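Asker: There's a structure below that I have some questions on.
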Amino acid sequence: MSHSEALFSRAVKVIPGGVNSPVRAFGSIGSTPRFITKADKSHMWDEDGNEYLDFIGSWGPMILGHNHPAVREAVEKAVQNGLSYGAATRAEVEMAELICSMVPSIDMVRMVNSGTEAVMSAIRAARGYTRRDKIIKFNGCYHGHSDGLLVKAGSGVMTAGVPDSLGVPAGYTKDTLTADYNNLDSVRAHFSECGEQITAIIVEPVGANMGTVPPKEGFLQGLRDLCDEYGALLIFDEVITGFRLARDGAQGFFGVQPDLTTFGKIIGAGMPVGAYGGRRDVMEMVAPVGAVYQAGTLSGNPVAMAAGMAQIGYLNEHPELYTNLNQTGDWFFAEMERIVREAGLPWQVNHIGSLGSLFFTEKTVTDYESAKTSDTKQYAAYCNHMLNHGIYLAPAQFEAMFLSAAHTRAELEQTLETLRGYFEA
């Protein structure tokens with residue numbers, strides 16, 4: 001028995017499923033989790049000393065790679081002064097100023113502790129501002145595990161084959177309307193029926209929790225136009241895309257401004273942090289200025305802020321990183337598709353910039369329903385092949401691959417050769 005297998009056998013006795021998040025479970029690929037001991041640049045090592053080229057990057061935030069010197073040094077300096085104060089600090093002010101300076105749609109921002117908390121709080125602020133209750137979300141888009149949003153939520157629940165969740169009272173989701181991603185008609189239908197009751201549309205500007213599903217041309221602008229027409233707010237969930245596609249996120253990449261934006265762990269360089277921000281008149285609804293209550297003892301944690309300032313500051317000062325990384329992504333995923341086609345297979349490769357997915361389906365993947373046609377058994381065989389050859393992929397079809405600035409051309413070519421070996425086997 002390997003060290004990882006031994007740890008897993010202990011974990012299942014004291015942790016539900018042996019993991020602290022379902023996306024870490026390897027059951028859907030017929031394996032057990034690799035227990036990681038360290039990571040550096042584009043690589044990770046497990047308890048058995050196995051080395052992996054990592055394409056998860058802590059589910060996205062490691063855009064500079066693991067253990068980047070600027071981030072590590074900032075954290076080491078911060079911890080010398082203590083871990084948590086529960087009080088205001090200079091770091092959280094500077095972090096807020098930096099985010100507002102980089103993202104034109106954001107006038108004010110509130111720090112929280114996770115993407116889930118950011119989304120939950122942004123929706124509460126939207127409801128307080130509009131005095132309306134209903135929201136529209138999209139099938140296959142994941143916005144965290146708060147009760148009202150676990151409706152066809154993609155990500156881990158998609159892999160498990162559970163579209164919703166037990167423990168969520170029906171009343172919590174009665175004001176959650178679902179529409180089809182990339183289908184404006186399905187959104188218009190909701191507004192036609194009850195537009196005066198809809199407070200907001202919340203969307204991942206790039207679907208990244210049903211695999212990678214880019215928006216069709218005009219889709220995001222169409223959502224913006226519908227919100228303007230009916231007096232609703234547009235919320236971009238940029239927990240995945242924020243500061244990854246561009247320095248001003250997907251909204252800058254696509255040229256569509258939301259009213260509110262949510263961020264996750266990328267603003268903490270992988271540490272447990274999140275934020276939501278947007279128009280001043282909406283954000284001033286939040287306590288202690290306004291009557292929308294939201295609080296968090298650990299919000300703006302000084303160590304997380306130091307890590308985030310180091311990473312986001314680095315990205316802000318090196319805009320060429322985005323050009324290089326997105327070009328690398330275009331090349332890598334195009335090569336992946338070429339290998340699939342040379343093998344005579346109809347599988348789909350979706351990507352945008354440094355995000356991508358291989359779907360084992362003949363259908364063009366543009367939404368939740370087409371993503372679900374992917375053969376998860378085929379994905380399991382592919383994922384295990386790659387793992388056995390030192391390539392660490394998500395143990396689930398419906399998660400994205402993340403490239404980082406630390407991935408070298410040689411490493412990516414090695415990955416493509418490993419993929420070619422799978423299809424030739």
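Asker: Quick check: is even one residue across segment 198-214 surrounded by fewer than 19 Cβ atoms within 10 Å (Cβ to Cβ) and not aliphatic (A, V, I, L, M)? I'd like the intermediate steps shown before the answer.
Answerer: Initial filter on segment 198-214 (surrounded by fewer than 19 Cβ atoms within 10 Å (Cβ to Cβ)): none.
Taking every residue of segment 198-214 in turn, none turns out to be surrounded by fewer than 19 Cβ atoms within 10 Å (Cβ to Cβ) and not aliphatic (A, V, I, L, M).
Asker: Considering each residue of segment 337-372, count those that are of a type in the set (A, V, I, L, M, F, W, C), in a loop (DSSP other than H, G, I, E, B) and closer than 27 Å to Gly252 by Cα, and give that number.
Answerer: If we filter segment 337-372 for residues that are of a type in the set (A, V, I, L, M, F, W, C), which is where we start, we get 339-340, 343, 345, 347, 349, 352, 355, 358-360, 365, 371.
Imposing the further condition that a residue be in a loop (DSSP other than H, G, I, E, B) reduces the set to 343, 345, 347, 360, 365.
Those still in the list that are closer than 27 Å to Gly252 by Cα too: 365.
Number of matching residues: 1.
Asker: Return the only residue of Ala118, Ala88 being open to solvent by less than 30 Å² (accessible area, probe 1.4 Å) and hydrophobic (A, V, I, L, M, F, W, C).
Answerer: When all the criteria are applied, what remains is Ala118.
Asker: Does Thr364 satisfy the condition of being without any contact (Cβ under 8 Å) to a residue 24 or more places away in the chain and either more than 22 Å from Ile36 (Cβ to Cβ) or crowded, with 20+ Cβ neighbours inside 10 Å (or both)?
Answerer: yes
Asker: Just give me the residues in segment 294-309 being in contact (Cβ under 8 Å) with a residue 40 or more places away in the chain, in a helix (DSSP H, G or I) and buried (at least 22 other Cβ atoms within 10 Å of the Cβ), in sequence order.
Answerer: Result: Met305, Ala306, Ala307, Gly308, Met309.
Asker: Considering only segment 269-290, state which residues are among the aliphatic types (A, V, I, L, M), closer than 16 Å to Met108 by Cα and assigned to a loop (DSSP other than H, G, I, E, B). Walk me through how you get there before you give the answer.
Answerer: Kept after step one, since they are among the aliphatic types (A, V, I, L, M), are these residues of segment 269-290: 269, 271, 273, 275, 282-283, 285-287, 289.
With the extra rule that they be closer than 16 Å to Met108 by Cα, the set shrinks to 275, 282-283, 285-287, 289.
Result: Met285, Ala287, Val289.
Asker: Further question on the same structure: Any chance segment 63-71 includes a residue that's touching a strand residue (DSSP E or B) at 6+ places or on another chain (Cβ under 7 Å), closer than 21 Å to Thr261 by Cβ and surrounded by 23 or more Cβ atoms within 10 Å (Cβ to Cβ)?
Answerer: Taking every residue of segment 63-71 in turn, none turns out to be touching a strand residue (DSSP E or B) at 6+ places or on another chain (Cβ under 7 Å), closer than 21 Å to Thr261 by Cβ and surrounded by 23 or more Cβ atoms within 10 Å (Cβ to Cβ).
Asker: Let me ask something else. Quickly run through segment 275-301 and pick out the residues that are of a type in the set (Phe, Trp, Tyr) and touching a helix residue (DSSP H, G or I) at 6+ places or on another chain (Cβ under 6 Å).
Answerer: Of everything in segment 275-301, just one residue is of a type in the set (Phe, Trp, Tyr) and touching a helix residue (DSSP H, G or I) at 6+ places or on another chain (Cβ under 6 Å), namely Tyr276.
Asker: How many residues are in a helix (DSSP H, G or I) and either surrounded by fewer than 15 Cβ atoms within 10 Å (Cβ to Cβ) or not hydrophobic (A, V, I, L, M, F, W, C) (or both) when one looks only at segment 94-106?
Answerer: Applying the first criterion (in a helix (DSSP H, G or I)) to segment 94-106 yields 94-102.
Next, from what is left, pick out any that are either surrounded by fewer than 15 Cβ atoms within 10 Å (Cβ to Cβ) or not hydrophobic (A, V, I, L, M, F, W, C) (or both): 94, 97, 101.
Residues in segment 94-106 being in a helix (DSSP H, G or I) and either surrounded by fewer than 15 Cβ atoms within 10 Å (Cβ to Cβ) or not hydrophobic (A, V, I, L, M, F, W, C) (or both): 3 in total.
Asker: Also, I was wondering about something else. If you take the residues of segment 1-56 that are closer than 23 Å to Leu403 by Cβ and of a type in the set (A, V, I, L, M), which of them is most open to solvent (accessible area, probe 1.4 Å)?
Answerer: Out of the qualifying residues, it is Ile36.
Asker: Applying the selection to segment 228-237, what residues are under 25 Å from Thr116 (Cα atoms) and in contact with a Phe, Trp or Tyr (Cβ under 9 Å, 6 or more places away or on another chain)?
Answerer: Result: Ala232, Leu233, Ile235, Asp237.
Asker: Does Ala380 satisfy the criteria of being open to solvent by less than 40 Å² (accessible area, probe 1.4 Å), touching a residue at least 40 places away in the same chain (Cβ under 8 Å) and hydrophobic (A, V, I, L, M, F, W, C)?
Answerer: So Ala380 fits the description; yes.
The values are calculated or read from the model by the stated rules, or taken from the named source; none is laboratory data. No experiment lies behind these values; they were computed from the predicted model shown. All Cβ positions, even for glycine, are placed from backbone atoms using ideal geometry, and neighbour counts span all protein chains on display. The accessibility values were calculated without ligands, DNA or RNA, using every heavy atom of the protein model including side chains. Shrake-Rupley method; radii C 1.70, N 1.55, O 1.52, S 1.80 Å.
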